[in-house]
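Enquirer: If you scroll down you'll find the structure; I have some questions about it.
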Amino acid sequence: METLRITMDSARLTPIIDLPATLRDREVEVVVRSKVEKPKDRPPDSERKCMMGALSQYANPALRELEKEAWAQAAVEKYLEKMKNGDA
């Protein structure tokens, strides 16, 4: 997307744009670019569905119980190994 950037005195913009008081009487940067449109094949935000469960077809119910404590068990094993080696 092509973008045009110009630095100019804000006094030149006051006849065109109602600038806030904090931007008056100083140099400002004006950025001009085309409006970005959403792709046509993408549904509007209101019609988009939640991704929760999108990968459920790949889930292995037999491993679900093991997954509940997997992170905690891995952390314990990691730090026990460090303690044995005297790194802790």
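Enquirer: Applying the selection to region 17-39, what residues are loosely packed, with under 10 Cβ neighbours inside 10 Å, of a type in the set (Val, Ile, Thr) and at pLDDT 90 or above?
Expert: 22, 31, 32
Enquirer: How about region 48-88: which of its residues are assigned to a loop (DSSP other than H, G, I, E, B) and within 31 Å of the chain's Cα centre (by Cα)?
Expert: Selection gives 48, 49, 50, 51, 52, 53, 54, 55, 59, 60, 69.
Enquirer: Six or more apart or on different chains, Cβ under 9 Å: which pairs go from a residue in region 24-47 that's over 30 Å from residue 13 (Cα atoms) and of a type in the set (Val, Ile, Thr) to one that's part of a loop (DSSP other than H, G, I, E, B) and modelled with pLDDT of 85 or more? Could you list them?
Expert: none
The values are calculated or read from the model by the stated rules, or taken from the named source; none is laboratory data. Since the structure is predicted, the reported quantities are computational estimates derived from the model, not experimental observations. All Cβ positions, glycine included, derive from the backbone under ideal geometry; neighbour counts span all protein chains shown.
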